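Undergrad: There's a structure below that I have some questions on.
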Amino acid sequence: EMRTSILQQVIENMEIKSKLPEISRISNVNAFEKYLMAFHLSQQDSRKNIDSAKSLLLNALKIDPSFGLAYGMLADIQLRMFSSTNDVQLLQSASEYAQRALRCSPNISLAYKVLGICARLQENYNLALSSLSKCVAFAPQDPECFRELAN
(Lines give C-alpha, C1' and ligand atoms only; values in the text may rest on other atoms or scores of the structure.)
Protein backbone atom coordinates (compact mmCIF):
# COMPACT_ATOMS: atom_id res chain seq x y z
CA GLU A 1 0.00 0.00 0.00
CA MET A 2 2.85 2.34 0.83
CA ARG A 3 4.58 1.66 -2.52
CA THR A 4 1.33 2.29 -4.37
CA SER A 5 0.74 5.54 -2.49
CA ILE A 6 4.26 6.82 -3.17
CA LEU A 7 4.07 5.89 -6.85
CA GLN A 8 0.67 7.56 -7.20
CA GLN A 9 2.04 10.78 -5.67
CA VAL A 10 5.07 10.76 -7.96
CA ILE A 11 2.89 10.25 -11.05
CA GLU A 12 0.55 13.04 -10.00
CA ASN A 13 3.38 15.45 -9.13
CA MET A 14 5.08 14.80 -12.46
CA GLU A 15 1.70 15.37 -14.16
CA ILE A 16 1.96 12.07 -16.00
CA LYS A 17 -1.33 11.02 -17.52
CA SER A 18 -1.03 7.29 -17.02
CA LYS A 19 -2.66 4.46 -15.22
CA LEU A 20 -0.83 3.38 -12.12
CA PRO A 21 1.41 0.50 -13.17
CA GLU A 22 0.81 -2.79 -11.46
CA ILE A 23 3.02 -3.38 -8.46
CA SER A 24 3.16 -7.06 -7.90
CA ARG A 25 2.86 -8.43 -4.41
CA ILE A 26 6.00 -9.98 -3.07
CA SER A 27 5.19 -13.59 -2.27
CA ASN A 28 8.75 -14.51 -1.31
CA VAL A 29 11.35 -12.03 -0.09
CA ASN A 30 14.28 -14.28 -1.09
CA ALA A 31 13.00 -14.55 -4.66
CA PHE A 32 12.46 -10.79 -4.82
CA GLU A 33 15.97 -10.13 -3.48
CA LYS A 34 17.43 -12.32 -6.24
CA TYR A 35 15.26 -10.47 -8.78
CA LEU A 36 16.57 -7.08 -7.60
CA MET A 37 20.18 -8.28 -7.74
CA ALA A 38 19.53 -9.63 -11.25
CA PHE A 39 17.97 -6.32 -12.27
CA HIS A 40 21.10 -4.48 -11.17
CA LEU A 41 23.42 -6.91 -12.97
CA SER A 42 21.33 -6.90 -16.14
CA GLN A 43 21.78 -3.14 -16.46
CA GLN A 44 25.52 -3.59 -16.87
CA ASP A 45 26.65 -4.59 -20.33
CA SER A 46 29.00 -7.44 -19.66
CA ARG A 47 28.44 -11.06 -20.58
CA LYS A 48 29.52 -12.17 -17.10
CA ASN A 49 26.95 -9.92 -15.40
CA ILE A 50 24.21 -10.97 -17.82
CA ASP A 51 24.97 -14.63 -17.11
CA SER A 52 24.91 -13.94 -13.36
CA ALA A 53 21.59 -12.12 -13.70
CA LYS A 54 20.13 -15.05 -15.63
CA SER A 55 21.29 -17.47 -12.94
CA LEU A 56 19.77 -15.33 -10.18
CA LEU A 57 16.45 -15.15 -12.03
CA LEU A 58 16.35 -18.90 -12.52
CA ASN A 59 17.01 -19.33 -8.80
CA ALA A 60 14.26 -16.84 -7.98
CA LEU A 61 11.87 -18.85 -10.14
CA LYS A 62 12.80 -22.05 -8.33
CA ILE A 63 11.73 -20.32 -5.13
CA ASP A 64 8.60 -18.75 -6.64
CA PRO A 65 7.49 -20.28 -9.97
CA SER A 66 4.71 -17.69 -10.31
CA PHE A 67 7.06 -14.68 -10.27
CA GLY A 68 6.01 -13.02 -13.52
CA LEU A 69 8.48 -10.16 -13.36
CA ALA A 70 11.37 -12.64 -13.19
CA TYR A 71 10.09 -14.40 -16.32
CA GLY A 72 9.79 -11.01 -18.03
CA MET A 73 13.37 -10.09 -17.22
CA LEU A 74 14.57 -13.54 -18.35
CA ALA A 75 12.76 -12.96 -21.65
CA ASP A 76 14.53 -9.63 -22.05
CA ILE A 77 17.92 -11.17 -21.29
CA GLN A 78 17.36 -13.96 -23.81
CA LEU A 79 16.39 -11.40 -26.44
CA ARG A 80 19.50 -9.33 -25.72
CA MET A 81 21.64 -12.44 -26.00
CA PHE A 82 19.95 -13.25 -29.33
CA SER A 83 20.84 -9.81 -30.69
CA SER A 84 24.52 -10.51 -30.10
CA THR A 85 24.55 -14.12 -31.33
CA ASN A 86 21.62 -14.53 -33.76
CA ASP A 87 20.95 -17.93 -32.16
CA VAL A 88 17.31 -18.63 -33.08
CA GLN A 89 16.87 -20.79 -29.97
CA LEU A 90 17.45 -17.68 -27.83
CA LEU A 91 14.72 -15.87 -29.74
CA GLN A 92 12.33 -18.76 -29.15
CA SER A 93 13.31 -18.91 -25.48
CA ALA A 94 12.71 -15.16 -25.11
CA SER A 95 9.22 -15.55 -26.54
CA GLU A 96 8.44 -18.50 -24.24
CA TYR A 97 9.62 -16.67 -21.12
CA ALA A 98 7.55 -13.61 -22.09
CA GLN A 99 4.46 -15.80 -22.50
CA ARG A 100 5.09 -17.38 -19.08
CA ALA A 101 5.40 -13.90 -17.57
CA LEU A 102 2.02 -12.92 -18.98
CA ARG A 103 0.41 -16.13 -17.71
CA CYS A 104 1.57 -15.11 -14.23
CA SER A 105 0.51 -11.50 -14.61
CA PRO A 106 -1.14 -10.05 -17.73
CA ASN A 107 0.15 -6.51 -17.08
CA ILE A 108 3.91 -6.90 -17.52
CA SER A 109 4.87 -4.36 -20.18
CA LEU A 110 8.38 -5.78 -20.61
CA ALA A 111 6.90 -9.15 -21.58
CA TYR A 112 4.71 -7.49 -24.22
CA LYS A 113 7.73 -5.59 -25.55
CA VAL A 114 9.79 -8.79 -25.84
CA LEU A 115 6.90 -10.61 -27.53
CA GLY A 116 6.49 -7.74 -29.95
CA ILE A 117 10.16 -7.64 -30.86
CA CYS A 118 10.28 -11.42 -31.28
CA ALA A 119 7.20 -11.33 -33.50
CA ARG A 120 8.68 -8.49 -35.61
CA LEU A 121 11.93 -10.39 -36.05
CA GLN A 122 9.92 -13.43 -37.15
CA GLU A 123 7.94 -11.19 -39.55
CA ASN A 124 4.66 -11.77 -37.70
CA TYR A 125 3.66 -8.11 -37.91
CA ASN A 126 0.10 -8.47 -36.63
CA LEU A 127 1.32 -10.08 -33.39
CA ALA A 128 4.11 -7.52 -33.17
CA LEU A 129 1.66 -4.62 -33.47
CA SER A 130 -0.73 -6.16 -30.95
CA SER A 131 1.99 -6.90 -28.39
CA LEU A 132 3.73 -3.56 -28.74
CA SER A 133 0.42 -1.70 -28.50
CA LYS A 134 -0.20 -3.46 -25.17
CA CYS A 135 3.32 -2.52 -24.08
CA VAL A 136 2.51 1.14 -24.77
CA ALA A 137 -0.84 0.83 -22.96
CA PHE A 138 0.80 -0.59 -19.82
CA ALA A 139 3.90 1.62 -19.88
CA PRO A 140 3.14 4.88 -21.71
CA GLN A 141 6.02 6.50 -19.84
CA ASP A 142 8.54 4.09 -21.44
CA PRO A 143 9.99 5.56 -24.65
CA GLU A 144 11.36 2.14 -25.63
CA CYS A 145 7.81 0.87 -26.14
CA PHE A 146 7.16 3.70 -28.62
CA ARG A 147 10.50 3.20 -30.34
CA GLU A 148 9.76 -0.49 -30.86
CA LEU A 149 6.27 0.30 -32.08
CA ALA A 150 7.78 2.68 -34.64
CA ASN A 151 10.03 -0.09 -35.96
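The values are calculated or read from the model by the stated rules, or taken from the named source; none is laboratory data. Everything numeric in this text was worked out from a predicted model, so none of it was measured. All Cβ positions, glycine included, derive from the backbone under ideal geometry; neighbour counts span all protein chains shown. Areas reflect the complete protein model, heavy atoms only, side chains present, ligands, DNA and RNA absent. Shrake-Rupley method; radii C 1.70, N 1.55, O 1.52, S 1.80 Å.
Undergrad: Return the Rg/Rh ratio of the chain with Cα-based radii and a Kirkwood Rh.
TA: Across the chain, the Cα-based Rg/Rh ratio is 0.97.
Undergrad: Sorted by accessible area (1.4 Å probe), largest first, how do Val29, Val10 line up?
TA: Val29, Val10
Undergrad: Might you list the cysteines of the chain that have no disulfide-compatible partner by the rule of another cysteine's Cβ under 4.7 Å?
TA: For the chain, the answer is Cys104, Cys118, because their Cβ atoms have no other cysteine Cβ under 4.7 Å.
Undergrad: Once you sort the root eigenvalues of the Cα gyration tensor of segment 30-78 as a ≥ b ≥ c, which label holds: rounded (a/c under 1.5), prolate (a/b larger than b/c) or oblate (the other case)? All intermediate terms of the calculation are to be shown ahead of the outcome.
TA: Values: a/c = 2.05, a/b = 1.66, b/c = 1.24.
Prolate.
Undergrad: Shifting gears a bit: Mean separation of Cα pairs under 8 Å and 6+ residues apart, divided by the residue count of segment 102-151: what relative contact order is that in percent?
TA: 35
Undergrad: Next question, about the same structure. Show me the helices of the chain, taken as full DSSP H stretches, that run 15 Å or more along their long axis by Cα and average 0.0 or above in Kyte-Doolittle hydropathy.
TA: Helices passing the filter in the chain: 29-42, 68-85, 109-121, 125-138.
Undergrad: Using only Cα atoms, locate the centre of segment 71-104 and the centre of segment 107-148, then give the distance between them in Å, rounded to an integer.
TA: If we compute the Cα centre of each part, the gap is 13 Å.
Undergrad: Cross-link partners among aspartates and glutamates for Lys54, C-alpha distance below 18 Å, same-chain residues fewer than 8 apart left out?
TA: Partners within reach: Glu33, Asp45, Asp64, Asp76, Asp87, Glu96.
Undergrad: To the nearest 10 Å², what's Met14's accessible area with a 1.4 Å probe?
TA: 130
Undergrad: While we're here: If each of Asn28 and Tyr125 carries a label point 7 Å out from its Cα toward its Cβ, how far apart are those two points in nm?
TA: 4.3
Undergrad: Find the relative contact order for the chain and round it to a whole percent, using C-alpha pairs within less than 8 Å whose residues are 6+ positions apart.
TA: Details: 185 pairs, mean separation 24.8, N = 151.
Reported relative contact order: 16 percent.
Undergrad: Residue separation times 0.36 nm, minus the C-alpha to C-alpha distance between Phe39 and Met2: what's the value?
TA: Stretched fully, the Phe39-Met2 segment lengthens by 11.1 nm.
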